[in-house]
Amino acid sequence: MGLFEDIQREYIDARKKQDKFVTLVLSMLISDLKYEKIDKQRELEDGDVIAYVQKTIKQKNEVVIEFEKGGRQDLIDKEKNEIHFLNKYLPEMMSEEDIRKIALEIKESTGASSPSDIGKVMKEMMPRVKGKADGALVKEVVTKVLSE
């Protein structure tokens, strides 16, 4: 069974238990994933679902920042709870040290020697860490490695 089916099953369980929070979060996620499926015109693979959940979490983090500017603690708490809940659908993220090891390995194999070679390294790096590491963190680590 795929991740999308797991989410649907959890949604049904939440409805049976009358868990309003989980039901609301998952119904919105399932609806969005169905639209994503229509846009892609194919069945969603686990990687697609993970990418969409990551995108949703990123958007919610941006919303939290805006709510903090507006001083809306009630909405901040709601969004953070949703983010915390959605994180369980993501694979465990790579540590900065793991990213660094891969970056060093790629630096050697590509012969990259300066920050101007970041494109070469990132081209090899992103497919290896896709879905397991934040792109901004990867870029930061690669920049540090190339500056050494």
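Every residue, every condition in (1) under 20 Å from the mean Cα position of the chain (by Cα); (2) closer than 23 Å to residue 7 by Cα; (3) at pLDDT below 85, yes or no:
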{"site": "73", "(1), (2), (3)": "no, no, no"}
{"site": "79", "(1), (2), (3)": "yes, yes, no"}
{"site": "101", "(1), (2), (3)": "no, no, no"}
{"site": "131", "(1), (2), (3)": "yes, yes, yes"}
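Quick one: how many residues across the range 18-50 are touching a residue at least 40 places away in the same chain (Cβ under 8 Å) and either loosely packed, with under 11 Cβ neighbours inside 10 Å or among the β-branched types (Val, Ile, Thr) (or both)? Show your work before the answer.
Filtering the range 18-50 down to residues touching a residue at least 40 places away in the same chain (Cβ under 8 Å) leaves 21-22, 25, 29, 44-47, 49-50.
Within this subset, residues satisfying the condition of being either loosely packed, with under 11 Cβ neighbours inside 10 Å or among the β-branched types (Val, Ile, Thr) (or both) are 22, 25, 49-50.
Residues meeting the conditions: 4.
Would you say residue 65 is of a type in the set (Val, Ile, Thr), more than 30 Å from residue 142 (Cα to Cα) and modelled with pLDDT of 90 or more?
Numbers: of a type in the set (Val, Ile, Thr): yes; more than 30 Å from residue 142 (Cα to Cα): no; modelled with pLDDT of 90 or more: yes.
Against the criterion (of a type in the set (Val, Ile, Thr), more than 30 Å from residue 142 (Cα to Cα) and modelled with pLDDT of 90 or more), residue 65 does not qualify.
Return yes or no: is residue 92 exposed (fewer than 13 other Cβ atoms within 10 Å of the Cβ), of a type outside the set (A, V, I, L, M), under 23 Å from the mean Cα position of the chain (by Cα) and modelled with pLDDT under 85?
Numbers: exposed (fewer than 13 other Cβ atoms within 10 Å of the Cβ): yes; of a type outside the set (A, V, I, L, M): yes; under 23 Å from the mean Cα position of the chain (by Cα): yes; modelled with pLDDT under 85: yes.
Yes: the conditions hold for residue 92.
Based on what the data block shows, is residue 145 buried (at least 17 other Cβ atoms within 10 Å of the Cβ), more than 19 Å from the chain's Cα centre (by Cα) and assigned to a helix (DSSP H, G or I)? Explain how you work it out, then say what you get.
Numbers: buried (at least 17 other Cβ atoms within 10 Å of the Cβ): yes; more than 19 Å from the chain's Cα centre (by Cα): yes; assigned to a helix (DSSP H, G or I): yes.
The answer is yes for residue 145.
Does residue 15 satisfy the criteria of being surrounded by fewer than 16 Cβ atoms within 10 Å (Cβ to Cβ) and outside any helix (DSSP H, G or I)?
Working: surrounded by fewer than 16 Cβ atoms within 10 Å (Cβ to Cβ): yes; outside any helix (DSSP H, G or I): no.
Taking the combined requirement at face value, the residue does not satisfy it.
Test of understanding: among 108, 82, 62, 68, which residue is surrounded by 12 or more Cβ atoms within 10 Å (Cβ to Cβ) and over 18 Å from residue 24 (Cβ atoms)? First the steps, then the outcome.
On the way: 108 fails: surrounded by 12 or more Cβ atoms within 10 Å (Cβ to Cβ); 82 fails: over 18 Å from residue 24 (Cβ atoms); 62 fails: surrounded by 12 or more Cβ atoms within 10 Å (Cβ to Cβ).
None of the other options fit; the residue is 68.
Among the candidates 109, 31, which residue alone is under 23 Å from residue 13 (Cα atoms) and either out of contact with any Gly (no Cβ under 8 Å at 6 or more places or on another chain) or in a helix (DSSP H, G or I) (or both)?
On the way: 109 fails: under 23 Å from residue 13 (Cα atoms).
Result of the check over 109, 31: 31.
The values are calculated or read from the model by the stated rules, or taken from the named source; none is laboratory data. The structure displayed is predicted, hence computed values, not measured ones. As a convention, Cβ positions derive from the backbone with ideal geometry for all residues, glycine included, and neighbour counts pool all protein chains shown.
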